[in-house]
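Here the structure comes first, spelled out in structure tokens, and everything after it is commentary.
None of the figures in this text is laboratory data; all of them are computed from the coordinates on show. Predicted model, so just to flag it, every value in this text is computed and none were measured. Cβ placement follows ideal geometry from the backbone for every residue including glycine, while neighbour counts extend to all protein chains displayed.
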Amino acid sequence: MVATEKFNRVSFWAGTGKRYCMKKGFVTKVKALILALTIFSCSFVCNPKEVKAATNLNLNQVYNFSVTYGSPQTFTFQTPATGYIRVEVTVTDVKDGQGKTAYGNLIDCQASVDNKSILYTLIGRNSGTKASTNYAFAPGKTGTINVSADVSVPWTYYYQIKIVNETPENFEAEDNNTADTANKIKTKKVYNGILNEKNEDADWYVFKAPKTGNYRFFFQNMDDARTGDFFYVQGYKKKNKVDSRIPYTSVDAGKGWCKSKKIRLKKGKKYYIRISDSLYDSNAYQIKVKKVK
Ligand SMILES: [Ca+2]
Ligand SMILES: [Ca+2]
């Protein structure tokens, strides 16, 4: 016992001596760290633009900012849990170097989601509100908005940004671009969706017959007839087996509900619909299914 205690004490002190040595080393390191931080913080002051974090914007809120030449601004936002979005930007005022209202020059505004460009425009004091078209994305994607004044004059451009989020009932849930991720639909409901730009979106739906019988699918293009927009629908008996009863057919703007032939389905049988190939920019549509005689 005694021998053990003695050994412990000796080792304890020896240890303390070592700690002291470490303390001296530690103090030296702290001094070096302080020096490094001082140099680092100086470089922060010298280059403030490099460390400025992007401001995150909420949806459906109007923000007022100003921008000057040489100080481009970046904002971020997150795509919503449901519905679609569009980005709206308005230049509200422009002041020259003497604080007087100025005209003529434009600011440059670019917006993207998940690296897909959704808005690229120049905006001036008389441009009114410039808006992207409507887009539906999977929830939680990061959007980015870049604003800059590109002309080398000492002007201040005051502008507003609003990221609008509309939430129609029974709205599609992206990503639904494959049969495996199809959105489920039932009778007695009208479903809403948006096809993003041509060749960039397909929306799949799957219907499981609750009873054996005849069913009819209905599609409506919600865009204004004057746009001349159309998109295509295609029926599938199985995930990868097209059905000639709903062939690849266009649904035109301004035509109201377009109805399919009767589709006979046994109870529990699944039937797939693919909506795709919007002609121009985003195209809003509706889809429903009815049991018929
Ligand atoms: Ca879509
Ligand atoms: Ca889709």
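How far is the Cα center of the stretch 118-135 from the Cα center of the stretch 217-293, in Å?
32 Å
Which FRET efficiency value, to the nearest 0.05, is calculated for Asn126 and Thr167 with the Förster distance at 45 angstrom and r the Cβ-Cβ distance?
Plugging the Cβ-Cβ distance into 1/(1 + (r/R0)^6) gives 0.90.
May I ask you to order 216-228, 271-283, 97-109 by the average number of other C-beta atoms within 10 Å around their residues, highest value first?
The packing order, highest mean first, is 271-283, 216-228, 97-109.
Bins of 5 Å, beginning at zero and ending with the bin holding the largest distance: percent of Cα pairs per bin for the stretch 55-147, please.
Result, from short to long distances: 3, 12, 24, 25, 17, 10, 6, 3, 1, 0 percent.
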